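A.B. asks: Structure provided below as structure tokens; questions to follow.
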Amino acid sequence: MIFTSFTFIIFFIILIVVLLISQNNTYRLYVLLTFSYIFYGWWNIYYLALIFIVSFSGWLFGKFIYNEPRKQIKKFYLSANLLISLGILSYYKYTNFFIGSINKLLEKPPVVLDILLPVGISFFTFQTLSYTIDIYREKVPICRSLAKFSLFVAFFPQLVAGPIVRASDFLPQLYHDIKFKTENCLIGAQIFLGGALQKVLIADNLSQFVDIVYQQPQIYSSLTLWLTIFAYSMQIFCDFSGYSLMAIGISRILGFSLPKNFNMPYNARSITEFWHRWHISLSLWLRDYVYISMGGNRKGVFRTQVNMFITMLLGGLWHGASWNFVIWGALHGMALGVNRFWTLFLSAKLKNIIGFKVYALCTWLITVLFVTLLWIPFRSPETETSYQIISRLFLVGDGIDWFHIQTIIILGIAVVWHIMHWANTSLLCNFPVNYDKLNRSKSVLIIIIMLYLLLLFFPINNSPFIYFQF
Amino acid sequence: MNNGYIKLLLKKILVSTIVVGIFFEVFLRAFITTPSNHIYDPVIGFRYQPHSVIFLGTEGYARNRLNSLGLNDQEFKYDPSLKHAILLGDSYTEARQVDREFNFSSLAEQSLQGWDVINSGRDGLHVLNTYHVAQRLQTGIKPDLLVLVMNNGDYIDDMSDKNIVIKSKNNEIQDVYLKAKDKEKLKQYFSYLIQNSALAVHIIRQLKPIIIKAFSMVQSVNIFNNKGNQQTTRLTDSVNRKVRPNKKAIFSAYLKKLQKIAPVAILYINQLEYKTVENVYPAEKPYRTSLIVNEIAKENDVLFINTADYLVNQYFATGSPPFGFHNKGLPGGHLNKNGHIAVSKALSDLIKRVEQEGVML
């Protein structure tokens, strides 16, 4: 069940009706939990057991850690919870990758176990872990209600593709009444439509081009491949950002507030800034629970670089069990190291020599180009595909030229959109995707235009959300 | 919320819907599609409105005005000094993606001496419906040759269509034809709307999968409520299943049926596969199908030509693929200008062979 499907619309309408009928706040909480489980069970009913085990173990160990005065035992409980949660995640996500890599190393025939990856496992596992770690660090109060904790883990808008919500942000909201407010519904609907527009109009239409080229990159010309990699760059951003916005919009309608997950990442002028703007909830999670746990920047320059590299390597592996993701994460880790070194020692000098504006333009170009090139291994089904694309990018005059007109138009619109954001124009207030600054006076016209656009230009073969696979 | 507020809100919604709707109507007509020119036809599903314009901006960008027969061809005038060949086929033949003067029908006509090549292609036309098209044109055009333009799907999918009705006697097929499909009836219900609004056409096209699903559900409910209907359907199906001959026999019988109108030749359009930029060859599955079609053609004294070599040669001569468009997909899809040049050469050669080998006699 995806947010842009007919099934989801029916599901959501029924949920609203049932919530309106339920007068008592406790009933509403159980209704939300039940519907969240239905939402998840729609993919695979058996995996409901999995999400329940993860939730229950998180809740139970949270309780143990909280009630235990001795530091060593607390640590033991935390380790046990990490072992269970990460064990489940590793089994489902990395078993085949592990066996495959060992077999390849030993030159044995490939063996693939029949393990179906549960949707959103990486998201709800990380969410649960954040709770137990925060309890251990005494940063959040204990959640005594299993139902509330289960809803925190399984809250359907962000269950399968984030944003990754912290217990400290979400659990307090469950102690207030679940109420419908006109203001929340209007803003939530606009945010949802803005997300749908990003997903359906931009990402899905771009995928019509990108998917075909990625099937056979070896036959296309260098220019077509450049167009493809920029198109994918925009596709993955709008796909994921669109999902996040839809999740935020739905939550807002239900009266919940979720954190912002994207902030125009392609306007970043350094790789560090990019990670402050891209998948913000994951970046913060990795910073707080991996990077800082390893010592962060408190153990000298060299250890800081190593910590950053390991954090990004794990971030890459979090995205998927494939060497492509490992390479992607490792390169981002190295880039963060280089960026840190650059900022500390060279940046100021260069700004003085070439001037701030030229410096800003150059750093922006380098960042966008670097991020775009690194999406190649991320998107490629195999390492071979990445190699084919990279090797052909600079091969002039060979291959089929395909300048997909719709892709060029969409990328043009995206560039204008980014420039408007960068220039911070007042026009942006009319775009619901920029949900911080809504213009209510034109809301009806804007919603009608958006509905027309969605109806007229959604691709008939729309693709699933990219981040569902993670 | 008071009544005044609700009235104002509804007014805003209505005005916005109309204003934005008009804007998109103009936009769609300019860049995406024209209103529908389909006229419901109980035999072949639909036909085109004479003198209407066909335009689909999502694949190629050509506007062609149809002639008084509703064909994507110039106005027909019978000339006894010319021989007449009717091209029978689907969207590949109709070729709405390119300007008329660049489609293979026009190009072949220009290169052939003494032939009038008439393009009767219609989008989505089932092979077994080409007989009806030829039969309707027979009186006015008096064809000397029928060229059946086919591809892989026309044999593999069309010949296994469950709607094919087969009449047999003593294990010999007497007649094959296609039962009209229910979904085409839908066009009747929406005809006024879709013939006047590009917006309606586009929305229906977008929602088509859902509409068809809903329509089939209604049909199923009707059948379920009417036991008599249900029984008839089952009986027909079981009889068909029992005596249903294979695809070869059906196609062979169909060729014989077409030959009653005029001599027949087959022009087979083979898709290409691209392993690398240099390694381009005829797509394997369509090529295997072409061998079967060729065999059946031979058995029925029908000349056959596969365009595969022409298309491959054209690709290597120009370095540009014969199928596909920048606004749809490359290198797959319908024939582009480059592809039409290649296929026109194959068609010319086919008609020359017909003349040389005297099949027409």
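The values are calculated or read from the model by the stated rules, or taken from the named source; none is laboratory data. Everything numeric in this text was worked out from a predicted model, so none of it was measured. A quick note on method: Cβ atoms are made from the backbone with ideal geometry, for glycine too, and the neighbour counts reach across all protein chains shown. Note: accessible area is taken over every heavy atom of the protein model, side chains too, but ligands, DNA and RNA are not part of it. Shrake-Rupley method; radii C 1.70, N 1.55, O 1.52, S 1.80 Å.
A.B. asks: When the accessible area of segment A:6-172 is split by element with a 1.4 Å probe, what percent falls to carbon and sulfur?
C.D. replies: Numbers: 5610 of 8180 Å².
C and S fraction of accessible area: 69 percent.
A.B. asks: Mind listing P(r) for segment A:1-107? All alpha-carbon pairs, 10 Å bins, whole percents.
C.D. replies: Final binned percentages: 12, 25, 26, 23, 11, 2, 0.
A.B. asks: While we're looking at this one, here's another question. Where both partners of a DSSP beta bridge lie in the protein assembly as shown, what percent of those bridges are antiparallel, to the nearest 5? Mind showing how you got there, number by number?
C.D. replies: On the way: 18 of 37 bridges.
Beta bridges within the protein assembly as shown, antiparallel portion: roughly 50 percent.
A.B. asks: Beyond 18 Å, what share of the Cα-Cα pairs of segment B:93-137 remains, rounded to the nearest whole percent?
C.D. replies: Details: 367 of 990 pairs.
Of all Cα-Cα distances in segment B:93-137, 37 percent exceed 18 Å.
A.B. asks: Which one of B:Asn170, A:Ile413, A:Tyr387 is farthest out on the positive end of the charge dipole of the protein assembly as shown, using unit charges on Cβ (Lys, Arg +1; Asp, Glu -1) and the Cα centre as origin?
C.D. replies: So the residue furthest toward the plus end is A:Ile413.
A.B. asks: Hey, another quick one. Over the Cα atoms of segment A:112-198, how large are the radius of gyration and the largest Cα-Cα distance (Dmax), in Å?
C.D. replies: According to the Cα coordinates of segment A:112-198, Rg and Dmax are 15.7, 51 Å.
A.B. asks: Here's a follow-up. Residues with amide H under 5 Å of B:Phe304's amide H, sequence separation 5 or more or different chain, H placed in the peptide plane at 1.01 Å from N; which?
C.D. replies: Those lying under 5 Å, H to H, from B:Phe304 are B:Ile266.
A.B. asks: Which residues, if any, in segment B:250-288 have at least 40 Å² less accessible area in the whole protein complex than in the isolated chain, probe 1.4 Å?
C.D. replies: Listed in order, they are B:Tyr274, B:Val277.
A.B. asks: Given a 1.4 angstrom probe, what's the average accessible area per residue across chain B, in square angstrom?
C.D. replies: On the way: 18200 Å² over 361 residues.
Here the per-residue accessible area is 50 Å².
A.B. asks: Projected onto the charge dipole of segment A:119-198 (+1 at Lys/Arg Cβ, -1 at Asp/Glu Cβ, origin at the Cα centre), which of A:Phe180, A:Leu146, A:Thr128 gives the Cα projection farthest towards the positive end?
C.D. replies: Working it through, the farthest residue towards the positive pole turns out to be A:Leu146.
A.B. asks: So which of A:Lys181/B:Lys187; A:Lys181/B:Lys11; B:Lys208/B:Lys247; B:Lys275/B:Lys345; B:Lys285/B:Lys345; B:Lys275/B:Lys352 end up more than 32 Å apart, counting from Cα to Cα? List each step's numbers first, then the result.
C.D. replies: Numbers: A:Lys181/B:Lys187 44 Å; A:Lys181/B:Lys11 23 Å; B:Lys208/B:Lys247 30 Å; B:Lys275/B:Lys345 25 Å; B:Lys285/B:Lys345 23 Å; B:Lys275/B:Lys352 34 Å.
From A:Lys181/B:Lys187; A:Lys181/B:Lys11; B:Lys208/B:Lys247; B:Lys275/B:Lys345; B:Lys285/B:Lys345; B:Lys275/B:Lys352, over 32 Å: A:Lys181/B:Lys187; B:Lys275/B:Lys352.
A.B. asks: Still on this model: At a Förster distance of 56 Å, what's the computed FRET efficiency of A:Asp401 paired with A:Ile115, Cβ-Cβ distance as r, to 0.05?
C.D. replies: After rounding, the FRET efficiency stands at 0.85.
A.B. asks: In whole Å, what is the distance between the alpha-carbon centres of segment B:11-44 and segment A:30-92?
C.D. replies: Comparing the Cα centres of segment B:11-44 and segment A:30-92, I get a distance of 53 Å.
A.B. asks: Using a 10 Å cut-off on Cβ atoms, rank the peptides B:75-87, A:400-412 from the highest mean neighbour count down. If you can, show how the numbers build up before the last one.
C.D. replies: Details: B:75-87: 15.7, A:400-412: 18.3.
Per-residue mean Cβ counts within 10 Å order the peptides as A:400-412, B:75-87.
A.B. asks: Enumerate the calculated ³J(HN,Hα) couplings along segment A:55-70 in order (Karplus 6.51 cos²θ - 1.76 cosθ + 1.60, θ = phi - 60°), each rounded to whole Hz, writing x wherever the residue is Gly or Pro.
C.D. replies: Result, ordered by residue: 5, 5, 5, x, 5, 5, 5, x, 5, 4, 4, 5, 7, 8, x, 7 Hz.
A.B. asks: How large are Rg and Dmax for chain B when calculated on the C-alpha trace, in angstrom?
C.D. replies: Cα-based Rg and Dmax for chain B come out at 23.0, 85 Å.
A.B. asks: So, for segment A:184-469, what is the accessible surface per residue at a probe of 1.4 Å, expressed in square angstrom?
C.D. replies: Numbers: 12120 Å² over 286 residues.
On a per-residue basis, 42 Å².
A.B. asks: How big is the dipole moment of segment B:275-333 about its Cα centre under a simple scheme where the beta carbon of each Lys and Arg is +1, that of each Asp and Glu is -1, and everything else is neutral? Debye, nearest 20, please. Mind dumping the intermediate values first?
C.D. replies: Values: 5 positive and 6 negative charges, 56 e Å.
About 260 debye.
A.B. asks: Now for a different question. Rounded, prolate or oblate: which fits chain A, taking a ≥ b ≥ c as square roots of the Cα gyration tensor eigenvalues, rounded meaning a/c under 1.5, else prolate when a/b beats b/c?
C.D. replies: On the way: a/c = 1.44, a/b = 1.16, b/c = 1.24.
Because its axes are fairly even, with a/c under 1.5, chain A counts as rounded.
A.B. asks: With a 1.4 Å probe, how much accessible area is buried between chains B and A, both sides summed, in Å² to the nearest hundred?
C.D. replies: Working: alone 19440 and 22540 Å², together 39520 Å².
When B and A are taken together, about 2500 Å² of accessible area is lost.
A.B. asks: Okay, next question. Which is farthest toward the positive dipole end of segment A:184-469 among A:Ala348, A:His319, A:Thr272, measuring Cα position about the Cα centre, with Cβ charges +1 (Lys, Arg) and -1 (Asp, Glu)?
C.D. replies: The Cα lying farthest towards the positive end belongs to A:Ala348.
A.B. asks: Taking amide hydrogens as modeled 1.01 Å from N in the peptide plane, which residues meet the under 5 Å criterion relative to B:Leu272, leaving out close sequence neighbours?
C.D. replies: Placed amide hydrogens put B:Ala283 under 5 Å from B:Leu272.
A.B. asks: While we're looking at this one, here's another question. Counting pairwise Cα distances across segment A:298-413, what percent come out greater than 22 angstrom?
C.D. replies: Numbers: 3517 of 6670 pairs.
The answer is 53 percent, as a whole percent.
A.B. asks: Which value, to two decimals, describes the C-alpha radius of gyration of the protein assembly as shown once divided by 2.2 N^0.38 Å? Don't skip to the answer; put the middle values down first.
C.D. replies: Numbers: Rg = 31.7 Å, N = 831, 2.2 N^0.38 = 28.3 Å.
Normalised Cα radius of gyration, the protein assembly as shown: 1.12.
A.B. asks: Please compute, for the alpha-carbon atoms of segment A:202-331, the extent along each of the three principal axes and give them in descending order in Å.
C.D. replies: Principal extents (Cα only, largest first): 49, 43, 29 Å.
A.B. asks: Straight distance only, please: which lysines reach the Cα of B:Lys328 with their own Cα at less than 16 Å, same-chain residues fewer than 8 apart left out?
C.D. replies: Result set, ordered by chain and number: B:Lys337.
A.B. asks: Can you list which of the GluC sites (Glu not before Pro) found in segment B:251-284 are DSSP loop residues with at most 15 other C-beta atoms within 10 Å?
C.D. replies: Details: sites: B:Glu273, B:Glu278, B:Glu284; in loops: B:Glu278.
Filter output for segment B:251-284: B:Glu278.
A.B. asks: A:Lys357 to A:Val301: extension gain in nm, 0.36 nm per residue of separation minus the Cα-Cα distance? Write out the running numbers ahead of the final one.
C.D. replies: Working: separation 56, 0.36 × 56 = 20.16 nm, distance 2.96 nm.
Extra length available between A:Lys357 and A:Val301 comes to 17.2 nm.
A.B. asks: Where a Cα-Cα gap under 14 Å defines reach, which aspartates and glutamates qualify for A:Lys74, not counting those fewer than 8 residues away within the same chain?
C.D. replies: A:Asp134, A:Glu138
A.B. asks: Can you check what the net charge comes to around A:Phe155, using other residues whose Cβ is under 14 Å from the Cβ of A:Phe155 (Lys, Arg +1; Asp, Glu -1)?
C.D. replies: Values: positive: A:Arg28, A:Lys148, A:Arg166, A:Arg252; negative: A:Asp169.
Here the charged neighbours net out to +3.
A.B. asks: Output the residues of segment A:216-239 meeting this criterion: accessible area (heavy atoms, 1.4 Å probe) in the chain alone minus accessible area with all protein chains in place is 50 Å² or greater.
C.D. replies: A:Ile219
A.B. asks: Sequence-distant or interchain residues sharing an amide H contact under 5 Å with B:Asp175, placed H: which?
C.D. replies: B:Lys167
A.B. asks: Let me ask you something else. Under the definition of Cα pairs under 8 Å and six or more residues apart, what whole-number percent is the relative contact order of chain B? Before the final figure, lay out each step's value.
C.D. replies: On the way: 561 pairs, mean separation 66.2, N = 361.
That works out to 18 percent.
A.B. asks: In terms of the Cα gyration tensor, with a ≥ b ≥ c the square roots of its eigenvalues, is segment B:99-187 rounded because a/c is under 1.5, prolate because a/b exceeds b/c, or oblate? Mind dumping the intermediate values first?
C.D. replies: Values: a/c = 2.14, a/b = 1.67, b/c = 1.28.
It comes out prolate by the Cα gyration axes.
A.B. asks: Calculate, for segment A:6-172, the solvent-accessible area per residue in square angstrom, rolling a 1.4 angstrom probe over the heavy atoms of the protein chains. Don't jump to the answer; show the numbers that get you there.
C.D. replies: Details: 8180 Å² over 167 residues.
Counting only protein heavy atoms, the per-residue value for segment A:6-172 is 49 Å².
A.B. asks: Accessible area of segment B:112-195 with a 1.4 Å probe: how many percent of it is carbon plus sulfur? Working shown, then result.
C.D. replies: Numbers: 1800 of 4040 Å².
Summing carbon and sulfur atoms, their accessible area is 45 percent of the total for segment B:112-195.
A.B. asks: Normalised by the number of residues in chain A, what is the relative contact order in percent for Cα pairs under 8 Å and 6+ residues apart?
C.D. replies: Numbers: 592 pairs, mean separation 88.4, N = 470.
Normalised by residue count, the contact order of chain A is 19 percent.
A.B. asks: Further, regarding this structure: With θ taken as phi - 60° and the coefficients 6.51, -1.76 and 1.60, list the Karplus ³J(HN,Hα) couplings across segment A:389-406 in order, rounded to whole Hz; mark glycine and proline as x.
C.D. replies: So the Karplus estimates, Gly and Pro as x, are 5, 4, 5, 9, 4, 10, 9, 8, x, 9, x, 7, 8, 10, 9, 5, 4, 4 Hz.
A.B. asks: Dipole size in debye (nearest 20) for the protein assembly as shown around its Cα centre, Lys and Arg Cβ +1, Asp and Glu Cβ -1? Don't skip to the end; give the middle numbers.
C.D. replies: Values: 78 positive and 51 negative charges, 610 e Å.
My answer is approximately 2920 debye.
A.B. asks: Taking loop as defined by DSSP and a crowding limit of 12 other beta carbons within 10 Å, which trypsin sites (Lys or Arg not before Pro) in segment A:121-220 fit? Could the numbers behind the result be given before it?
C.D. replies: Working: sites: A:Arg137, A:Lys139, A:Arg144, A:Lys148, A:Arg166, A:Lys179, A:Lys181, A:Lys199; in loops: A:Arg137, A:Lys139, A:Arg144, A:Arg166, A:Lys179, A:Lys181.
Answer by residue number: A:Arg144, A:Lys179, A:Lys181.
A.B. asks: Oh, and also: Run the numbers on segment B:319-336: which residues show a drop of 50 Å² or more in accessible area, chain on its own versus all protein chains together, using a 1.4 Å probe over heavy atoms?
C.D. replies: Residues meeting the cut-off: B:His326, B:Asn327, B:Leu330.
A.B. asks: Give, rounded to the nearest 20 debye, the magnitude of the charge dipole that segment A:6-172 has about its Cα centre when Lys and Arg contribute +1 at Cβ and Asp and Glu contribute -1 at Cβ. Numbers along the way, then the final one.
C.D. replies: Working: 14 positive and 6 negative charges, 104 e Å.
The calculation lands at about 500 debye.
A.B. asks: Still on this structure: Report the number of Lys pairs in segment A:184-469 whose alpha-carbons are under 27 Å apart, with separation of 8 or more residues or on distinct chains.
C.D. replies: On the way: A:Lys199/A:Lys260; A:Lys199/A:Lys437; A:Lys199/A:Lys442; A:Lys260/A:Lys437; A:Lys260/A:Lys442; A:Lys299/A:Lys349; A:Lys349/A:Lys357.
For segment A:184-469, qualifying lysine pairs total 7.
A.B. asks: Residue by residue through segment B:117-125, which ³J(HN,Hα) values in whole Hz follow from phi under the Karplus form 6.51 cos²θ - 1.76 cosθ + 1.60 (θ = phi - 60°), with glycine and proline marked x?
C.D. replies: So the Karplus estimates, Gly and Pro as x, are 9, 9, 8, 10, x, 9, 3, x, 5 Hz.
A.B. asks: What does the accessible area of B:Lys352 come to, in Å² to the nearest 10, when a probe of 1.4 Å is used?
C.D. replies: Surface accessible to solvent at B:Lys352 totals approximately 90 Å².
A.B. asks: Leaving ligands, DNA and RNA out of it, work out the accessible area of A:Leu284 with a 1.4 Å probe and give it in Å² to the nearest 10.
C.D. replies: Probe radius 1.4 Å; accessible area of A:Leu284 about 70 Å².
A.B. asks: Among residues other than A:Asp177 whose Cβ falls under 15 Å from its Cβ, what is the net charge (Lys/Arg +1, Asp/Glu -1)?
C.D. replies: Working: positive: A:Arg28, A:Lys148, A:Lys179, A:Lys181; negative: none.
With Lys, Arg at +1 and Asp, Glu at -1, the neighbours total +4.
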